[in-house]
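Student: Quick one: structure below, then a few questions.
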Amino acid sequence: MQLNKPVAVLAAGFFYGILAQPVVLHNLARHRRVQRAMPAPAATYASPAAEKAWADHVILDHFYGHLPPEPRRTPMRELVSTILSHRTTHADEELAYDRMLETFGDWPGVLAAPTAELAHAIRTTRWPDTQAPRIQEILRRIQAETGGPFDLDFLADWPLERAMAWLTEMPGIGLKTASLLLLFNYHKPVLPVDTHVHRVAQRVGFLGPKVSVEKAHAVLLALLPADAETLFNFHKHNYWHGQQICFFLRPNCPRCPLKGFCNYYLEHYGEATAEALAATPTQWDPAAWGKLPH
């Protein structure tokens, strides 16, 4: 039965009040753990974009767990691996990176390698013949900037605008790649936007339906605090959400904790009822659903 709006709002409030007490659940592996209370969403279907973006952050920060803003890999690996990852699976990207350094030894070896041989080493990527000369040109520019070493730590001391301009002037480095490096490794207040983040933002309704992925970097950044830790968690959580729940085809809306203010849910299911909210998991359960990706 569909509740009218006032009754649904009261019922939802009652539901979130009940969740203020820890609940012990059994997962599929019969592993017991205490669930933290889900924060009540501070947004509605009609809320402005900034309110929805912040509610998305608060809810997903709880659902997936807050992350310390720690680099996942060295700056040089972050940069080159992200270039290799374009339209390529993570496994094939890792294989290409490892083969490249196994074949040529180090960055000077990669730079000195015949370009055709480098392309062969990274052949598991989508466009090896394009990526190989780009990687070598990037290495040349890094070497010219540092006077020799293949080290990007000078970016830590540069103003954000200068660092972003220097990176994006190089072949194959767009806003997403530059933002990932500057946020993950140097804690600059930027927001990487990939297809997953872009899709979630548009479906929930804090990004316009005609805003491109490139333009979304600036639009979404303006909705959130200029705080690297917040932006890091927002990126990671929405990236996971797009991969694990908000699929391109047949998104898993029943599992989604954003349903109380998501435009896509409203369009396809109507306003979330108290029953739908009560059936929503409050945390990602890796034992039942699998480990989250890198």
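The values are calculated or read from the model by the stated rules, or taken from the named source; none is laboratory data. It should be emphasised that the depicted structure is a prediction, and the values quoted were computed from it without experimental measurement. Note that each Cβ is placed from the backbone with ideal geometry, even for glycine, and that neighbours are counted across all protein chains shown. We work out accessible area using only protein heavy atoms, side chains counted, and drop any ligands, DNA or RNA first. Shrake-Rupley method; radii C 1.70, N 1.55, O 1.52, S 1.80 Å.
Student: Taking the criterion of being surrounded by 15 or more Cβ atoms within 10 Å (Cβ to Cβ), modelled with pLDDT of 95 or more, closer than 20 Å to residue 238 by Cα and not aliphatic (A, V, I, L, M), would at least one residue in the range 105-122 satisfy it? Steps first, answer last, please.
Tutor: Narrowing the range 105-122 to residues surrounded by 15 or more Cβ atoms within 10 Å (Cβ to Cβ): 107, 110-111, 113, 118-122.
If we keep only those that are modelled with pLDDT of 95 or more as well, we get 107, 110-111, 113, 118-122.
Now restrict to residues that are closer than 20 Å to residue 238 by Cα: none.
Among the residues of the range 105-122, not one is surrounded by 15 or more Cβ atoms within 10 Å (Cβ to Cβ), modelled with pLDDT of 95 or more, closer than 20 Å to residue 238 by Cα and not aliphatic (A, V, I, L, M), which makes the answer no.
Student: A follow-up question, please. Which of the residues belonging to the range 58-81 are under 18 Å from residue 106 (Cα atoms) and either among the hydroxyl-bearing types (Ser, Thr, Tyr) or open to solvent by 10 Å² or more (accessible area, probe 1.4 Å) (or both)?
Tutor: Those that are under 18 Å from residue 106 (Cα atoms) and either among the hydroxyl-bearing types (Ser, Thr, Tyr) or open to solvent by 10 Å² or more (accessible area, probe 1.4 Å) (or both): 73, 74, 75, 76, 77, 81.
Student: Continuing with the same structure: Scan the range 116-127 and report the pairs whose first residue is among the charged types (D, E, K, R) and whose second residue is surrounded by 19 or more Cβ atoms within 10 Å (Cβ to Cβ), with Cβ atoms within less than 6 Å and a gap of 6+ or a chain change.
Tutor: The qualifying pairs are 126/88.
Student: If I filter the range 199-208 for residues that are closer than 24 Å to residue 161 by Cβ, in a helix (DSSP H, G or I) and open to solvent by 10 Å² or more (accessible area, probe 1.4 Å), do I get at least one hit?
Tutor: No, every residue in the range 199-208 fails to be closer than 24 Å to residue 161 by Cβ, in a helix (DSSP H, G or I) and open to solvent by 10 Å² or more (accessible area, probe 1.4 Å).
Student: Another question about this same structure. Can we say residue 134 is in contact (Cβ under 8 Å) with a residue 40 or more places away in the chain, assigned to a helix (DSSP H, G or I) and open to solvent by 20 Å² or more (accessible area, probe 1.4 Å)?
Tutor: In short, yes.
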